[in-house]
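> Structure provided below as structure tokens; questions to follow.
The values are calculated or read from the model by the stated rules, or taken from the named source; none is laboratory data. Please read all numbers here as calculations on a predicted model, not as lab measurements. When we count neighbours, we look across all protein chains shown, and the Cβ atoms used for this are built from the backbone with ideal geometry, even at glycine.
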Amino acid sequence: MVSEDPMLSRSSLAHRPHFTRRLLAPALALTAGLAPATALASGGGGGELPPIWMLSFFVIMLLSIAVLPLTRLEHWWHKNENKLKVGAVLAAYPLIWVTFISHNYTALWHVIEEYVSFIVLLGTLFYVSGGILLKGDLRATPGTNFKFLLFGTSIASIIGTTGASMLLIRPLLRTNHERRYKVHIVIFFIFLVSNIGGSLLPIGDPPLFLGYLRGVPFLWTLNLWREMLVVCVILLTSFYLLDRHFWKRESDKVKAFDANTVEPLSIEGTSNVIWLLGIVLCVALIKPEYGLFLREAAMIGCAVASKFMTKADIREKNRFSWFPILEVAALFIGIFLTMIPAQMLLSARGGELGVDTPAKFFWITGLLSSVLDNAPTYVVFFETAKGMVEHGQLGGELVSDVIRIPVIVLQAISVGAVFMGANTYIGNGPNFMVKAIAEEQKIEMPSFFGYMKWSGLVLMPCFLLVSLLFFRGG
């Protein structure tokens, strides 16, 4: 039976206008940059771009995710079927336009392919990792939590940010269940394990996976180790100092209870490590040209094998629930479909936004990844950069003869998409899963805008430093 996460806490809405403007800033910039009416007439014609006003469906979708949990409709919105209904209503006209008016079936098919690949990758990693049970209850000290985050960050590129998040979030929450101050632990976990830790391999994060599908060599993303190292050192150090601060504020009673409930770690369901590696190999070895969705079928096969080779009580002990992945599936189908117009506009006219340096590619890819989901946003600017090279608008050493994008530009696009997927709950699929699991454990996570306060204060200075160190000149 699917367990439902508790209702989201009500936070102050006093600053909502400020954060609403911040949330919508990239979309408004897109509107301003692509506004000339000559290319935006509505009507038929297979090569025609959608009208600017069609971005409103996507904006309303984002506002629904951000605002409805803070209203009297929060209980209604909590049900995944209602999230799906809202997405379906908002996606109806974009689907009508792209099929019956513009007859652009290619754009629709690309979105369907990307959504299926996205959900199957996340879903199989989520299910298989749920069959690995880390038992025990360690001391909930800053040192222990630091080691959890360091380990999770280290393995996220190998088993994916989804796999690492699902493997470690429950034992981390179990370790800290006595503590009063623990919201920051989950937030930094999302920053590091659910996002930035997945920078080094295509299996690590969905944007890099889509780049691999387009011909980027499997090990090319190891080139991002410098950017990842700088940000991870800053975040892990900041987390340790902050956790020490909150640990000192815990009562003596909490600390004594924590010390008396220590149990050594043990592991069950180790066979699932094989199936996690199997999913990695599916990504690395099965090319799209081998057959439509053959790779996804093989990943599902790994998940099915996990089901039959794992004792049923392991997932029960793990408090495994389908709710988080179903929430991601319900929300992101609406996001993927309503953002088709934004993708078409960016793909066709992204060069007109003045994005012509590595720093600009880093920031525009990152900021749009925060609200458009980082995987399709990566694809848009990947294709934009290729087109600009073909038209002589970008120069420099190319990744390869197949991937005709300057190395520094593809690094900027990749880092922007992966890193800034941590800026919002919707920037990357695992973010919502971790949030949902934390709320199942009765942790009052910040609202959509409350989380953005954390990312703005903690992450943005790190990204500014990355821009100055590695992508200067924009």
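> Hey, could you check segment 416-433 for residues that are under 14 Å from I335 (Cα atoms) and hydrophobic (A, V, I, L, M, F, W, C) and say which is nearest to the chain's Cα centre (by Cα)?
I426
> Next question, about the same structure. I'd like to verify a number: residues in segment 97-116 that are in a helix (DSSP H, G or I) and either among the acidic types (D, E) or in contact with a Pro (Cβ under 8 Å, 6 or more places away or on another chain) (or both), how many? I'd like the intermediate steps shown before the answer.
Initial filter on segment 97-116 (in a helix (DSSP H, G or I)): 97-101, 105-116.
From what is left, the residues that are either among the acidic types (D, E) or in contact with a Pro (Cβ under 8 Å, 6 or more places away or on another chain) (or both) are 97-98, 111, 113-114.
Residues that pass the stated criteria total 5.
> So is V98 among the hydrophobic types (A, V, I, L, M, F, W, C), modelled with pLDDT of 90 or more and either over 15 Å from V280 (Cβ atoms) or touching an Asp or Glu at 6+ places or on another chain (Cβ under 8 Å) (or both) or not? So that I can check it myself, show each step before the final result.
Numbers: among the hydrophobic types (A, V, I, L, M, F, W, C): yes; modelled with pLDDT of 90 or more: yes; either over 15 Å from V280 (Cβ atoms) or touching an Asp or Glu at 6+ places or on another chain (Cβ under 8 Å) (or both): yes.
So V98 passes the test.
> Can you pull out the residues in segment 240-270 that are touching a residue at least 24 places away in the same chain (Cβ under 8 Å) and of a type in the set (D, E)?
Applying the first criterion (touching a residue at least 24 places away in the same chain (Cβ under 8 Å)) to segment 240-270 yields 240, 242-244, 246-247, 249-251, 254, 257-259, 261-270.
D243, E250, D258, E263, E268, listed by residue number.
> Looking at L464 and the list (1) in contact with a Leu (Cβ under 8 Å, 6 or more places away or on another chain); (2) over 25 Å from Q343 (Cβ atoms); (3) free of Cβ contacts under 8 Å to residues at least 60 places away in the same chain, which single condition is not satisfied?
Tallying (1) in contact with a Leu (Cβ under 8 Å, 6 or more places away or on another chain); (2) over 25 Å from Q343 (Cβ atoms); (3) free of Cβ contacts under 8 Å to residues at least 60 places away in the same chain, L464 fails exactly one: (1).
> Can you find a residue that is assigned to a helix (DSSP H, G or I) and at pLDDT below 85 anywhere in segment 401-421? Can you show your working first?
Start the filter on segment 401-421 by keeping residues that are assigned to a helix (DSSP H, G or I), which leaves 407-420.
Keeping just the survivors that are at pLDDT below 85 gives none.
Among the residues of segment 401-421, not one is assigned to a helix (DSSP H, G or I) and at pLDDT below 85, which makes the answer no.
> Exactly one condition in (1) surrounded by fewer than 21 Cβ atoms within 10 Å (Cβ to Cβ); (2) under 20 Å from W454 (Cα atoms) is not met by I267; state its number.
So I267 meets the others, but not (2).
> For E327, work out the one condition from (1) touching a Lys or Arg at 6+ places or on another chain (Cβ under 9 Å); (2) more than 28 Å from F471 (Cβ to Cβ); (3) surrounded by fewer than 19 Cβ atoms within 10 Å (Cβ to Cβ); (4) not polar (S, T, N, Q) it doesn't fulfil.
The number of the failed condition is (3).
> Only residues that are outside any helix (DSSP H, G or I), under 19 Å from the mean Cα position of the chain (by Cα) and crowded, with 21+ Cβ neighbours inside 10 Å: list them for segment 446-474, please. First the steps, then the outcome.
Keep residues of segment 446-474 that are outside any helix (DSSP H, G or I), which gives 446-447, 471-474.
Remaining after also requiring under 19 Å from the mean Cα position of the chain (by Cα): 446-447.
If the condition is that a residue be outside any helix (DSSP H, G or I), under 19 Å from the mean Cα position of the chain (by Cα) and crowded, with 21+ Cβ neighbours inside 10 Å, then S447 is the only one that fits.
> For residues that are surrounded by 13 or more Cβ atoms within 10 Å (Cβ to Cβ) and aromatic (F, W, Y), scanning just segment 44-70, find the one that is nearest to I101 (Cα to Cα).
Within segment 44-70, the match that is nearest to I101 (Cα to Cα) is F57.
> So which of V304, V273, V280 is out of contact with any Lys or Arg (no Cβ under 9 Å at 6 or more places or on another chain), surrounded by fewer than 24 Cβ atoms within 10 Å (Cβ to Cβ) and free of Cβ contacts under 8 Å to residues at least 40 places away in the same chain?
On the way: V273 fails: free of Cβ contacts under 8 Å to residues at least 40 places away in the same chain; V280 fails: free of Cβ contacts under 8 Å to residues at least 40 places away in the same chain.
One residue alone meets the criteria, V304.
> For F189, work out the one condition from (1) farther than 20 Å from A412 by Cα; (2) out of contact with any Lys or Arg (no Cβ under 8 Å at 6 or more places or on another chain); (3) at pLDDT below 95 it doesn't fulfil.
Failed condition: (3).
> Tell me whether segment 400-413 contains one or more residues that are surrounded by fewer than 24 Cβ atoms within 10 Å (Cβ to Cβ) and either under 30 Å from Y127 (Cα atoms) or within 21 Å of the chain's Cα centre (by Cα) (or both). Show your work before the answer.
Narrowing segment 400-413 to residues surrounded by fewer than 24 Cβ atoms within 10 Å (Cβ to Cβ): 400-404, 406-408, 411.
The next check asks that each one be either under 30 Å from Y127 (Cα atoms) or within 21 Å of the chain's Cα centre (by Cα) (or both); those that pass are 411.
For segment 400-413, residues surrounded by fewer than 24 Cβ atoms within 10 Å (Cβ to Cβ) and either under 30 Å from Y127 (Cα atoms) or within 21 Å of the chain's Cα centre (by Cα) (or both): present.
> Name the one entry in T221, T237 that is closer than 30 Å to M420 by Cα, out of contact with any His (no Cβ under 7 Å at 6 or more places or on another chain) and free of Cβ contacts under 8 Å to residues at least 60 places away in the same chain.
T237
> Count, please, the residues in segment 347-358 that happen to be surrounded by fewer than 19 Cβ atoms within 10 Å (Cβ to Cβ) and within 17 Å of V466 (Cα to Cα).
Of the residues in that region, 1 qualify.
> Just give me the residues in segment 213-257 being assigned to a helix (DSSP H, G or I), acidic (D, E) and surrounded by 14 or more Cβ atoms within 10 Å (Cβ to Cβ), in sequence order. Before the answer, list the steps.
Keep residues of segment 213-257 that are assigned to a helix (DSSP H, G or I), which gives 213, 220-249, 252-257.
Imposing the further condition that a residue be acidic (D, E) reduces the set to 227, 243, 252.
Correct list: E227, D243.
> Taking G291, is it under 28 Å from H103 (Cβ atoms), surrounded by fewer than 16 Cβ atoms within 10 Å (Cβ to Cβ), over 22 Å from the mean Cα position of the chain (by Cα) and of a type in the set (G, A, S)? Before the answer, list the steps.
Details: under 28 Å from H103 (Cβ atoms): yes; surrounded by fewer than 16 Cβ atoms within 10 Å (Cβ to Cβ): yes; over 22 Å from the mean Cα position of the chain (by Cα): yes; of a type in the set (G, A, S): yes.
So G291 passes the test.
> Something else about it: Just need a number here: residues in segment 317-337 that are at pLDDT 90 or above and closer than 16 Å to Y93 by Cβ.
Total meeting the criteria: 3.
> Taking segment 135-171 only, how many residues are among the basic types (K, R) and either within 16 Å of the chain's Cα centre (by Cα) or closer than 17 Å to F432 by Cβ (or both)? Full working, then the answer.
Initially, segment 135-171 is screened for residues among the basic types (K, R), giving 135, 139, 147, 170.
Now narrow it down to the ones that are either within 16 Å of the chain's Cα centre (by Cα) or closer than 17 Å to F432 by Cβ (or both): 170.
Total satisfying the criteria: 1.
> Within segment 128-146, can you find the residues that are over 29 Å from R295 (Cβ atoms), among the polar types (S, T, N, Q) and either touching a Lys or Arg at 6+ places or on another chain (Cβ under 6 Å) or part of a helix (DSSP H, G or I) (or both)?
Scanning segment 128-146 gives T144, N145.
> At least 2 residues that are within 29 Å of K79 (Cβ to Cβ) in each: list the helices (runs of 4 or more DSSP H) lying fully within segment 258-327 that qualify.
Details: elements: 271-285, 294-309, 312-317.
Correct list: 294-309, 312-317.
> Of the residues L13, L73, L23, which single one is surrounded by 13 or more Cβ atoms within 10 Å (Cβ to Cβ), modelled with pLDDT under 85, farther than 27 Å from V379 by Cβ and among the hydrophobic types (A, V, I, L, M, F, W, C)? Break it down into steps so the answer makes sense when it comes.
Details: L73 fails: modelled with pLDDT under 85; L23 fails: farther than 27 Å from V379 by Cβ.
Exactly one of L13, L73, L23 is surrounded by 13 or more Cβ atoms within 10 Å (Cβ to Cβ), modelled with pLDDT under 85, farther than 27 Å from V379 by Cβ and among the hydrophobic types (A, V, I, L, M, F, W, C), namely L13.
> Then there's this: Can you name the residue in segment 367-396 that is buried (at least 21 other Cβ atoms within 10 Å of the Cβ) and not in a helix (DSSP H, G or I) and, of all such residues, is modelled with the highest pLDDT?
L394
> Just one of L125, L168, L149 is more than 24 Å from Y451 (Cα to Cα) and either modelled with pLDDT of 90 or more or not in a loop (DSSP other than H, G, I, E, B) (or both); which is it? Steps first, please.
Details: L168 fails: more than 24 Å from Y451 (Cα to Cα); L149 fails: more than 24 Å from Y451 (Cα to Cα).
Checking each option against the conditions leaves just L125.
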